[in-house]
Amino acid sequence: MEKQKVFERLIDEIKAKAREITDMDIFYEEVVRILSENVPYYNWTGFYFMKDGELVIGPYIGRPTEHVRIKVGQGVCGRAVAEKSTIIVDDVTKEDNYLACSLETKSEIVVPIWANGEIIGEIDIDSDDLAAFDDKDKIFLEEVAKIIGRKLEGKF
């Protein structure tokens, strides 16, 4: 199935879960599961949430990571918050500020989640493939982040 069609189906599924699930922790786990199970090159899929001025790991599926707390500006995850924008890294070995979670990871995308006018966290996805993420992934994951933000604002 074409990537765009898969992403459209997944957006519908995530919106349905946003309407059905009231517990945010369970909702986050469902989003991670949906992404991980349906996009084969999403090899580490998870959340980091802002807490006390730094990023703290949330639900994820993938290899264990020692990066459970990340300072704003540190690594790709911290940079996405500092720059208030989605970051795609095609080759993590070329990134000066990269925090390696796994030797298998080759590329990464980090998408901030906004709610009530501020970044409350982010979606972080690593791939074992070089240059795995394109504009379709960016648009798709930014839409997932918007759904989460709207749910946090009570709009589902």
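The values are calculated or read from the model by the stated rules, or taken from the named source; none is laboratory data. Since we're looking at a predicted model, the values are computed, not measured. No Cβ is skipped: glycine too gets one built from the backbone with ideal geometry, and neighbour counts run over all protein chains shown. SASA here: full protein model, heavy atoms, side chains in, ligands and nucleic acids out. Shrake-Rupley method; radii C 1.70, N 1.55, O 1.52, S 1.80 Å.
Identify all residues within segment 137-155 that are of a type in the set (Lys, Arg) and either open to solvent by 50 Å² or more (accessible area, probe 1.4 Å) or in contact with a Leu (Cβ under 6 Å, 6 or more places away or on another chain) (or both); write none if there are none.
Answer for segment 137-155, where residues must be of a type in the set (Lys, Arg) and either open to solvent by 50 Å² or more (accessible area, probe 1.4 Å) or in contact with a Leu (Cβ under 6 Å, 6 or more places away or on another chain) (or both): Lys138, Lys146, Arg150, Lys155.
Hey, can you tell me all the residues within segment 41-56 that are over 14 Å from Ile120 (Cβ atoms) and either small (Gly, Ala, Ser) or not in a loop (DSSP other than H, G, I, E, B) (or both)?
Trp44, Thr45, Gly46
Just a yes or no: is a residue in segment 77-97 under 21 Å from Ala115 (Cα atoms), at pLDDT 90 or above, open to solvent by less than 70 Å² (accessible area, probe 1.4 Å) and out of contact with any strand residue (DSSP E or B) (no Cβ under 9 Å at 6 or more places or on another chain)?
Yes, segment 77-97 contains at least one residue that is under 21 Å from Ala115 (Cα atoms), at pLDDT 90 or above, open to solvent by less than 70 Å² (accessible area, probe 1.4 Å) and out of contact with any strand residue (DSSP E or B) (no Cβ under 9 Å at 6 or more places or on another chain).
Quick check on segment 63-76. Is at least one of its residues exposed (fewer than 15 other Cβ atoms within 10 Å of the Cβ), closer than 24 Å to Ala131 by Cα and among the basic types (Lys, Arg)?
Yes, segment 63-76 contains a residue that is exposed (fewer than 15 other Cβ atoms within 10 Å of the Cβ), closer than 24 Å to Ala131 by Cα and among the basic types (Lys, Arg).
Filter segment 101-136 for residues that are acidic (Asp, Glu) and surrounded by fewer than 22 Cβ atoms within 10 Å (Cβ to Cβ) and give the result.
Glu104, Glu118, Asp128, Asp129, Asp134, Asp135
Report yes if some residue within segment 43-64 is touching a Pro at 6+ places or on another chain (Cβ under 9 Å), hydrophobic (A, V, I, L, M, F, W, C) and closer than 20 Å to Val144 by Cβ; otherwise report no.
Scanning segment 43-64, I find at least one residue that is touching a Pro at 6+ places or on another chain (Cβ under 9 Å), hydrophobic (A, V, I, L, M, F, W, C) and closer than 20 Å to Val144 by Cβ, so the answer is yes.
So, in segment 1-29, exactly how many residues are part of a helix (DSSP H, G or I) and more than 15 Å from Leu152 (Cβ to Cβ)?
Final tally of qualifying residues: 14.
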